[in-house]
Protein chains: 2
Amino acid sequence: MQQVDQLLIGGTVLTMNEALDVYEPGAVAVQDDHIVAVGSMNGITAAYEASETVDCTGQIIMPGIVNGHTHLSMALMRGLSDDLRLDVWLMGYIMPAERAFVDEEFVYLGAKLAAAELIMCGTTSFADMYYYEAEVARAAAEVGLRGICSQTILKFPAPDAESYEQSMAYAENFIQEWKGHPLIIPAIAPHAPYTNTDDMLQQCAEIAKKYDVPLHIHVSETRQEVEDSRDNYGMPPVPRIKKLGILDHKCLCAHCVHVDSGEIRTLRNHGAGVLHNPTSNLKLASGIAPIQEMLEHGVNVAIATDGSASNNDLDMFTEIHLAALLAKVATNDPTAVPAKQALLMATRIGAQACHIGDITGSLEAGKRADIIIIDIRNVHNTPTYRHDPDSVYAQVVYAAKSTDVKHVMCNGQWLMRDRQLLTINLDELLERSQAIANRIDDFIREYSSNIMSKLISVASFQQQESFEIQLKARFNETERIEVLLNHDDVSIVKHSHYRQYDTYFLFNDPDDARVRYREDDFIGENGEVTGVRSRLTYTLPTKEREFDKAILLSHSQFYAPADRPLRFYREYFKAAEEREIHKERLRWQILYKGVQFYINLDTILHPESKNKYLEVKSRTWSLSDAEYKASLATEIISTILNIDEQDRVAFEYVDSATSSPHPSRPETT
Amino acid sequence: MQQVDQLLIGGTVLTMNEALDVYEPGAVAVQDDHIVAVGSMNGITAAYEASETVDCTGQIIMPGIVNGHTHLSMALMRGLSDDLRLDVWLMGYIMPAERAFVDEEFVYLGAKLAAAELIMCGTTSFADMYYYEAEVARAAAEVGLRGICSQTILKFPAPDAESYEQSMAYAENFIQEWKGHPLIIPAIAPHAPYTNTDDMLQQCAEIAKKYDVPLHIHVSETRQEVEDSRDNYGMPPVPRIKKLGILDHKCLCAHCVHVDSGEIRTLRNHGAGVLHNPTSNLKLASGIAPIQEMLEHGVNVAIATDGSASNNDLDMFTEIHLAALLAKVATNDPTAVPAKQALLMATRIGAQACHIGDITGSLEAGKRADIIIIDIRNVHNTPTYRHDPDSVYAQVVYAAKSTDVKHVMCNGQWLMRDRQLLTINLDELLERSQAIANRIDDFIREYSSNIMSKLISVASFQQQESFEIQLKARFNETERIEVLLNHDDVSIVKHSHYRQYDTYFLFNDPDDARVRYREDDFIGENGEVTGVRSRLTYTLPTKEREFDKAILLSHSQFYAPADRPLRFYREYFKAAEEREIHKERLRWQILYKGVQFYINLDTILHPESKNKYLEVKSRTWSLSDAEYKASLATEIISTILNIDEQDRVAFEYVDSATSSPHPSRPETT
């Protein structure tokens, strides 16, 4: 008799291995962190004896469930807002709350709250993506769950990083610190193709390769994302990230709702895992991912909950159920994704999709002891049919509930017995979580009365890139602009001429947010107005820093078409203050030494000013890029245009304007 | 202080009334079977004192949930078979099991098992449709649940009735017996437009009106049903049932997946309730019902589970959740069917859809005390947000689980306290249910090896109408057929001529089922073959009875196109015996005194026979109709064609044939 730590005996054992062996009654022998043997009860009990034996008669013994994509810490924002348009939800609630509350403590506490829910729902492995990911890792390791913890990289400032470089440094440090942990697999997560530049995506791919860690990314979640990618890059997201090397190394692609057969083949050929989020994709009206086709092509598809803020729970039983159901209606075929297949996606195939198929996802000797026991001796699981060997899978997928999970073991450690959590002080956790929620509740109550909330309810906003290098100067000898335009290193891409009528709404707002209503009158060659466009822009306070004599601006800006007359917005916003700026602008989009710049030559019409101004601007996304562009902008201003240092200015026009009850101007129709 | 029986105090009270009043903390006062008062805790406790007070602090008090459409007794067939094509599921498993097992005891036991689940999931009212519906009523009344119990009417023989008249008699008797019961509302349920004749539907509508009871019917569940209705009646199901009066009186329409805007308006104008079954419609790949449009038009839409055989549970929390989610993806709008609306559909609006809105569905003084209490002090309901008054609905719909339901009261009686059922002996119920399931398991194991199971896996079957009046006679003076065809009371609708090559497969089958492979060669005017058609027909033993000298046949027949050669089926079925019949058939479809008959004049080619035969046939659906048609058929045979009584025969050709290893015949390609 071989001595082991644990014997689980008497239940129906679903191994979920390649052969899909089922033992009824079966048994599992566990030693330390791994499974020693799986088989029939008689076979196992004849060969092994254990210090602890758990009787699982009438119960199902199966692998711990793999949740392929989540944002654990968002458990603290469960139910913060629901049934809203994506932009309203994100910009009106989630992002303001994240800006104000997400710090290391928040991330740790939220991950722990989520961990408690994962365990109670029978999940033993997860793939997370969030900020301060080291705190997620710390919470999971303490609780005893297996996690792929992916640090988010964004081209916008994030709660844990003011710049891209900062989050890359955090990520690299995090990976070095946690790599090799028995439970935690650190990973890098460029948030999405549309929130990262090509360079950033390539660098993330290099990090993944350098440290041999997974790369976790959102891909083709919405139709809009795919259309924008076609517009901006001439191709959908999947070929773009393929080209940038993202798919080359242990890639986890969340969502993939809008992918075609060619893209599915690309994902398969690169061994990328797809993480399918049924509830989230329904709730945000993103669509139904073509998982049946993916599975037919041999893609490893995991099932996932996404974050609790858009779900609103981490119950994988709901997701498995829904994955099986949605595939049927999406393909018009009730035999699509049968229960067995759905349960495989939540166990072995899901683990493979997350690139941890070698250690978990099935009950096999040598794999880690990630095991759950489901009690089916209750009303909603009665009766049990067994004429079809697949009935037991149907019972788990279509009838069983997460609350039927009785015991949970991860890495050989019991995390829950008889529905009592063993590694978490639940009462304290719930209390602390509610305390943070109460503070967020108060914050949102105040915030909801504010300007952003009013804005998003009347317009469809989009976030704009938000790092910009800028140089500005008084420039009254406007004829000298020709020196620049005729310069050998300059080529003109586009020239335009317009008059801009800006109305700024200012508020007694704690965020110091501003709304600009801008009417652009496009001017033709003979001075006639050839077109009019009105836009609303919402700007949070701009962070500036001097940068090689230029200024680096980072601002969160959101813009939307203004489809109502100015008067409407004036009455609607009831701003504390209004300011008007009218100007005539000549604009050139140029390439200087191959780098794109915008040159604005502005004549201020209102409030009257004797000065004209020159702006040199360029978009950027990192400190090193900004440094290079600032040096080029300085060349333009100082070397080429010979503008005096003392003519440099650093104000925004609106800040020089005074409060004004609307001067006469063309009213928009 | 007014004395009442019960006070429920301290919870968040969701009244779901017209004003959507929420009291936090609130209280409800209950006397006998009804609610006396609902309001703030302070107000209620100041005015009422009770013999029992239940502290609901930190919990949600709301109306008991209404499950708008189910087949309770099918709980015993939960998980019997899953992930199958509808025809395979229905004809391979459900119908054979129903034929073999559904009796009064089965229906009673199944309803009780389902009732236990309903209560544990917070449901207090349901609308059921099944056979032996008095047994469902008996189980629900014993357990203490409120039910609309609808007796099924079909044009096919059913487990509880061999003929339509028998089930109408059962229904009328059931309605008389149960009408006025405090919990049970008896109702009539013509199963569906396609399983009932116009006459039957009209009679059901009359019964509903005569007794002032609801009428419950499946409508437009599948696209195929709508297409067939257009083919057969020149219109979709909704206008057809409208024309027949079905919508005139308290109608409950289950499914309505495939209805257009005009039909939605028709349903609204007639005050018909729609019963939406999200899981069932997904699982059987029927589609997603346009409930957002229905709600916009003011149709009362209830949410429902359908039967456990196609769900596989009776968990309304799953359905409410899914109703809210599916509407979003179906309309591409994440604001569609918000949580509040979904919960209304499961309470007040659902009750209105079931025409019981006057007594239940909201917490209001005077309504019946149908109340549930949900405990949200757990991980998956933490944290709670309250900045938005609708957050509490989102919590119930998106986060809470049915297992959070703590107490359930129906009609003033506690059915569950602290998740313990008070009116059901659960252990005994589960044991008896599993015992029946074990018997069905054995039956299906045997059945699965049989012919029907083999058939359905290779062809798409449809059920055929199954009552037929038939007269048959030797008829060798074939020229006398002209007397009939030229008769004043006869008009010829259609004439055809073909040769039929029938191969019967016979089995050592307990059901005595037969499969016929028939090749029809259509013969043109010059004797040439103008077309060939091959069909498979599966026939269960035919019940015959002598009927005014004719024969009334009732048989369950299923037919399908045979798209493979005869040889394939021969090898596939490995029948115990094969019989061949070849015949030449002249067929006339005629109207005699306005009634449709088929006249077949058959020359048997194989096995050789010296006799020719005449068949007079007509479809029927009830005993009274059969009686009339039999008298007309007798006139045709005896009076017009003057066929001698002794020439009448009562065998089927196949029964006169002997076992034959295939004679030479044209092989199908």
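The values are calculated or read from the model by the stated rules, or taken from the named source; none is laboratory data. Given the structure is predicted, the values throughout are model-derived calculations rather than measurements. Don't worry about glycine lacking a Cβ; one is built from the backbone with ideal geometry, like all the others, and counts go over all protein chains shown. When the accessible area is computed, the model is the full protein with side chains, heavy atoms only, and any ligands, DNA or RNA have been set aside. Shrake-Rupley method; radii C 1.70, N 1.55, O 1.52, S 1.80 Å.
Looking at the range B:360-367, is at least one residue touching a residue at least 12 places away in the same chain (Cβ under 8 Å), more than 28 Å from B:Val301 (Cβ to Cβ), open to solvent by 30 Å² or more (accessible area, probe 1.4 Å) and assigned to a loop (DSSP other than H, G, I, E, B)?
No, the conditions are met nowhere in the range B:360-367.
Take the conditions of a type in the set (Lys, Arg) and open to solvent by less than 10 Å² (accessible area, probe 1.4 Å) and apply them to A:Arg146. Does it pass?
Numbers: of a type in the set (Lys, Arg): yes; open to solvent by less than 10 Å² (accessible area, probe 1.4 Å): yes.
In short, yes.
Need at least 3 residues that are modelled with pLDDT under 90, touching a strand residue (DSSP E or B) at 6+ places or on another chain (Cβ under 8 Å) and open to solvent by 80 Å² or more (accessible area, probe 1.4 Å) per element, so show me which strands (runs of 3 or more DSSP E) inside the range B:519-583 make the cut, counting only ones lying wholly within it. Spell out how you get there, then give the answer.
On the way: elements: B:529-539, B:543-547, B:550-554, B:557-561.
Output list reads B:543-547.
Being open to solvent by less than 10 Å² (accessible area, probe 1.4 Å) and β-branched (Val, Ile, Thr) is the filter here; which residues of the range A:284-328 pass it?
Hits for the range A:284-328 are A:Ile291, A:Val299, A:Val301, A:Ile303, A:Thr305, A:Ile320.
For the range B:1-50, give me each residue that is part of a loop (DSSP other than H, G, I, E, B) and within 20 Å of B:Ser391 (Cα to Cα).
B:Gly10, B:Gly11, B:Thr15, B:Met16, B:Asn17, B:Glu18, B:Ala19, B:Leu20, B:Asp21, B:Glu24, B:Pro25
With (1) open to solvent by 10 Å² or more (accessible area, probe 1.4 Å); (2) closer than 30 Å to B:Leu430 by Cα as the list, and A:Asn381 as the residue in question, which single condition is left unmet?
Of everything listed in (1) open to solvent by 10 Å² or more (accessible area, probe 1.4 Å); (2) closer than 30 Å to B:Leu430 by Cα, A:Asn381 misses just condition (1).
Taking the conditions exactly as written (over 20 Å from the mean Cα position of the chain (by Cα), at pLDDT 95 or above and within 11 Å of chain A (Cβ to nearest Cβ)), does B:Cys56 satisfy them or not?
When the stated conditions are applied, B:Cys56 does not pass them.
Return yes or no: is B:Ser163 closer than 21 Å to B:Trp621 by Cβ and touching a helix residue (DSSP H, G or I) at 6+ places or on another chain (Cβ under 6 Å)?
Numbers: closer than 21 Å to B:Trp621 by Cβ: yes; touching a helix residue (DSSP H, G or I) at 6+ places or on another chain (Cβ under 6 Å): yes.
Considered against the rule, which asks whether it is closer than 21 Å to B:Trp621 by Cβ and touching a helix residue (DSSP H, G or I) at 6+ places or on another chain (Cβ under 6 Å), B:Ser163 comes out as yes.
Condition first: of a type outside the set (A, V, I, L, M, F, W, C) and either more than 29 Å from A:Asp82 (Cα to Cα) or out of contact with any helix residue (DSSP H, G or I) (no Cβ under 8 Å at 6 or more places or on another chain) (or both). Now tell me which residues in the range A:301-349 satisfy that.
A:Asn332, A:Asp333, A:Pro334, A:Thr335, A:Pro338, A:Lys340, A:Gln341, A:Thr347, A:Arg348, listed by residue number.
Among the listed residues A:Leu80, A:Leu72, A:Leu84, A:Leu76, which satisfies the condition of being farther than 30 Å from A:Leu7 by Cα, outside the structural domain of A:Ile35 (by TED's automatic domain parsing) and surrounded by fewer than 21 Cβ atoms within 10 Å (Cβ to Cβ)?
Of the residues listed, the single one that is farther than 30 Å from A:Leu7 by Cα, outside the structural domain of A:Ile35 (by TED's automatic domain parsing) and surrounded by fewer than 21 Cβ atoms within 10 Å (Cβ to Cβ) is A:Leu84.
Run A:Leu84 past the list (1) under 26 Å from B:Tyr393 (Cα atoms); (2) touching a residue at least 40 places away in the same chain (Cβ under 8 Å) and report the number of the one that doesn't hold.
(2)
If I ask for residues that are open to solvent by 20 Å² or more (accessible area, probe 1.4 Å) and part of a helix (DSSP H, G or I), which ones from the range A:194-224 would you list?
A:Tyr194, A:Asp198, A:Asp199, A:Gln202, A:Gln203, A:Glu206, A:Lys209, A:Lys210, A:Tyr211, A:Arg223, A:Gln224
What residue, of B:Asn378, B:Asn438, is within 9 Å of chain A (Cβ to nearest Cβ), modelled with pLDDT of 95 or more and under 30 Å from A:Cys121 (Cβ atoms)?
Among B:Asn378, B:Asn438, only B:Asn378 is within 9 Å of chain A (Cβ to nearest Cβ), modelled with pLDDT of 95 or more and under 30 Å from A:Cys121 (Cβ atoms).
For the range A:20-35, what are the residues that are under 43 Å from the mean Cα position of the chain (by Cα) and open to solvent by 30 Å² or more (accessible area, probe 1.4 Å)?
Once the filter is applied, which keeps residues that are under 43 Å from the mean Cα position of the chain (by Cα) and open to solvent by 30 Å² or more (accessible area, probe 1.4 Å), the range A:20-35 yields A:Leu20, A:Asp21, A:Val22, A:Tyr23, A:Glu24, A:Gln31, A:Asp32, A:Asp33, A:His34.
Just to be sure before I move on: is A:Thr305 more than 7 Å from every other protein chain (Cβ to nearest Cβ) and within 17 Å of A:Ile65 (Cβ to Cβ) in the structure I sent?
yes
When residues of the range B:111-143 are filtered for being open to solvent by less than 20 Å² (accessible area, probe 1.4 Å), over 15 Å from the mean Cα position of the chain (by Cα) and within 24 Å of B:Lys406 (Cα to Cα), how many remain?
Adding up the residues that qualify gives 17.
Spot the failing condition for B:His355; the list is (1) within 14 Å of chain A (Cβ to nearest Cβ); (2) buried (at least 20 other Cβ atoms within 10 Å of the Cβ); (3) in contact (Cβ under 8 Å) with a residue 40 or more places away in the chain, and only one is missed.
Failing condition for B:His355: (1).
Can you name the number of the only condition in (1) more than 29 Å from the chain's Cα centre (by Cα); (2) surrounded by 22 or more Cβ atoms within 10 Å (Cβ to Cβ); (3) facing chain B (nearest Cβ under 8 Å) that A:Asp390 fails?
Failing condition for A:Asp390: (2).
If we keep just the residues of the range A:235-283 that are more than 14 Å from A:Val301 (Cβ to Cβ) and within 14 Å of chain B (Cβ to nearest Cβ), which is surrounded by the most Cβ atoms within 10 Å (Cβ to Cβ)?
The residue in question is A:Ser280.
Show me the helices (runs of 4 or more DSSP H) entirely contained within the range A:79-148 in which 3 or more residues are over 14 Å from A:Pro186 (Cβ atoms) and within 14 Å of chain B (Cβ to nearest Cβ). Explain how you work it out, then say what you get.
Working: elements: A:86-89, A:95-101, A:104-120, A:133-143.
Result: A:86-89, A:95-101, A:104-120.
Scan the range B:286-309 residue by residue and report those that are in contact (Cβ under 8 Å) with a residue 40 or more places away in the chain and small (Gly, Ala, Ser).
Those that are in contact (Cβ under 8 Å) with a residue 40 or more places away in the chain and small (Gly, Ala, Ser): B:Ser286, B:Gly287, B:Ala302, B:Ala304, B:Gly307, B:Ser308, B:Ala309.
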